[in-house]
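S.K.: Okay, here's the structure, questions in a sec.
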Amino acid sequence: MEFEQIYKMYWDRIFRLCMGFVNDYDAAQDLTQETFIIVWQKLETFRNESAIGTWIFRIASNNCLRQIEKQKRFPKSELPIHLSEEKQHSIEPQIQFLYKCIAELPETDRIIISLELEDIKQNEIAKIVGLSEANVRVKIHRIKEKLTQKFKENEQR
């Protein structure tokens with residue numbers, strides 16, 4: 001498969017995965033771009049031991065986890081008071097809330113639910129995160145329960 005096809009086929013899905021990790025539009029765009037740079041650089045070394053999508057999602061997940069680790073080590077400083085950050089994108093409020101809730105989950109849960117939302121098969125998710133398929137099924141069920149509860153609490157406000 002050519003890189004251009006891969007890019008077109010997976011860009012949106014990888015972006016949504018990254019958005020689930022960082023809950024920041026610009027950071028998710030950067031992480032998605034970095035993921036595809038790695039895919040471009042490593043495409044010739046892909047050994048077809050798994051589906052190409054599994055490989056790309058694994059790269060994206062690792063990339064997001066590295067970014068989260070960096071943020072923990074080097075916290076962002078705030079913008080000076082006289083500067084304001086302007087967001088020029090709008091995402092539906094419910095989707096924004098979903099990303100916020102996903103971003104609050106533990107790292108492994110974030111990966112799992114983000115991949116589930118991308119309709120990745122559970123056996124592929126298990127390979128990506130290194131868990132058994134049964135464990136992934138249980139985790140997905142529990143994560144969905146947590147997210148449903150957060151939405152119910154949010155509606156009551």
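S.K.: Which pairs break 20 Å Cα to Cα here: LYS121/LYS150; LYS100/LYS146; LYS8/LYS127?
M.R.: Distance filter (> 20 Å) returns LYS121/LYS150; LYS8/LYS127.
S.K.: Considering only the other residues whose Cβ falls under 11 Å of the Cβ of LYS121, what net charge follows from Lys and Arg at +1 and Asp and Glu at -1?
M.R.: Net charge in that neighbourhood comes out at -4.
S.K.: When Rg and Dmax of the Cα atoms in Å is calculated directly from the model, which label among (i) 18.0, 62; (ii) 16.6, 53; (iii) 18.7, 58 fits?
M.R.: (ii)
S.K.: Measure off 7 Å from each Cα along the Cα-to-Cβ vector at LEU43 and GLN29, then give the distance between these two points in nanometres to one decimal.
M.R.: Placing both labels 7 Å beyond Cα along the Cβ direction yields 2.3 nm.
S.K.: Still on this structure, please answer the following. At 7 Å along the Cα-to-beta-carbon direction for both SER50 and GLU153, put a label point, then send me their distance in nm to one decimal.
M.R.: 3.2
Each value in this text was obtained by applying a stated rule to the coordinates, not by laboratory testing. The structure presented is a predicted model; accordingly, all values stated were derived computationally and were not measured. All Cβ positions, even for glycine, are placed from backbone atoms using ideal geometry, and neighbour counts span all protein chains on display.
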